[in-house]
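The values are calculated or read from the model by the stated rules, or taken from the named source; none is laboratory data. Values in this document were obtained by computation on a predicted structure and should not be read as measured data. Cβ: placed from backbone, ideal geometry, glycine included. Neighbour counts: every protein chain shown.
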Amino acid sequence: MSLTPPAATEAPRTVPLAVLVVAVLVGAGLATVGTAAYLETRPTASGGPGTVSITDDLGRTVSVPVDPARVAVLSPSIMDSMFRLGLRSHVVGVDCYPPPPAGGGLSSDYNATQIAEWNLTDSMCIQVEPALNVESLLNATPQLVLASTIISTSAIEEISDTYHVPVLLLQPSSIGGILVDVELLGRVFDVPNAADALVASMQAELGVAGALQANLTEAGTPFPTVLVTYYADSSGYWTFGPGTFGDSLISLVSASSIGANSTLPYPELSASDVLVANPSVVLYAVGFGLGLSSYSSAPFWSDLGAVSDGHAWPVSSNLLTEPDPTMVLEGIPALLALLHPG
């Protein structure tokens with residue numbers, strides 16, 4: 001789980017998602033500062049594969065080896081893509097938190113299913129909190145580091161400039177950016193067919209969502225107002241603001257976020273503002289120590305109409321907070337079923 005921790009309701013979208021999906025896919029590179037917009041292979045003197053120059057999600061141009069055999073993956077969302085592309089054997093280290101009792105080790109960022117299915121072990125742990133443990137990273141001897149913005153700029157500079165290990169930052173700001181990053185990984189690891197197949201599967205799910213949105217728009221059916229929250233405390237509820245993958249996700253499933261008018265990308269909406277906005281649906285993230293009690297103890301929870309109407313539903317944190325293929329392939333169908341039953 002990568003994420004740690006305004007009253008006005010957004011007007012219903014009027015652009016059919018069938019059109020929006022095309023715009024997202026075409027514009028995804030622009031939305032993520034030109035992800036994969038520049039990718040040039042440079043052969044070695046012998047004529048074999050050498051390096052590839054890539055513009056990552058933060059607009060950094062990085063020269064990386066083609067098909068590196070040893071890779072450190074410092075984000076569950078990137079690990080999801082690596083596994084689905086058949087690249088698990090390349091991974092020599094993954095992000096984790098301090099071991100118990102100070103932290104949860106692997107289980108702070110990966111659920112039990114992921115740990116088992118992806119064959120993750122404690123020996124692969126590269127501690128990223130409270131700061132990146134550079135020594136454990138170097139001990140894994142990676143040829144490439146794939147990271148999200150959970151890693152600080154100073155740590156990235158140290159890895160790149162001092163230890164000369166290239167770092168690619170993959171942090172899509174939209175659902176379309178997820179597809180672009182999969183294509184990028186397909187080129188870096190020379191598995192274009194696997195990347196194309198995975199992208200096609202995600203496009204199919206987006207097509208289903210697009211058809212539904214087109215039908216709702218044609219019928220003049222208003223989109224449900226929704227609070228999607230991944231954490232709550234005594235002050236209010238954390239949600240997604242404009243320009244984030246979470247906001248993109250909410251739009252793609254034909255819903256109107258009560259956080260859409262926030263001036264922050266990841267705002268905490270005050271409990272009173274949420275009460276005034278009165279969303280018709282509440283989706284709350286569970287897992288990694290979060291459950292219904294985490295939200296029901298927040299102010300005004302029982303006063304929300306969605307709660308009293310039985311329209312407050314738990315959703316796995318991984319489906320809401322990790323911008324990866326699983327969000328598209330499993331998260332979007334799950335949200336559509338909740339928001340638009342039948």
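Results, tabulated for the structure shown:
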quantity: Breaking point among (1) within 17 Å of the chain's Cα centre (by Cα); (2) assigned to a strand (DSSP E or B), for residue 237; calculated: (1)
quantity: Subset of the stretch 143-165 that is within 22 Å of the chain's Cα centre (by Cα) and part of a loop (DSSP other than H, G, I, E, B) - its residue that is surrounded by the fewest Cβ atoms within 10 Å (Cβ to Cβ); calculated: 152
quantity: Residue check for residue 84: of a type in the set (D, E, K, R), modelled with pLDDT of 95 or more, farther than 13 Å from residue 143 by Cβ and surrounded by fewer than 17 Cβ atoms within 10 Å (Cβ to Cβ); calculated: no
quantity: In the stretch 290-322, residue farthest from residue 107 (Cα to Cα) [restricted to those that are among the hydroxyl-bearing types (Ser, Thr, Tyr) and crowded, with 16+ Cβ neighbours inside 10 Å]; calculated: 295
quantity: Matching residues in the stretch 223-262 - criterion: being of a type in the set (Val, Ile, Thr) and modelled with pLDDT of 95 or more; calculated: 225, 226, 228, 229, 239, 250, 253, 258
quantity: The one condition in (1) touching a Ser or Thr at 6+ places or on another chain (Cβ under 7 Å); (2) surrounded by fewer than 22 Cβ atoms within 10 Å (Cβ to Cβ); (3) assigned to a helix (DSSP H, G or I) that residue 180 fails to fulfil; calculated: (2)
quantity: Test result for residue 72, among the aliphatic types (A, V, I, L, M) and either modelled with pLDDT under 95 or surrounded by fewer than 17 Cβ atoms within 10 Å (Cβ to Cβ) (or both); calculated: no
quantity: Unmet requirement for residue 94, which otherwise passes all of (1) within 17 Å of the chain's Cα centre (by Cα); (2) β-branched (Val, Ile, Thr); (3) closer than 14 Å to residue 184 by Cα; calculated: (3)
quantity: Hey, residue 186 crowded, with 17+ Cβ neighbours inside 10 Å and either aromatic (Phe, Trp, Tyr) or at pLDDT 95 or above (or both) or not; calculated: yes
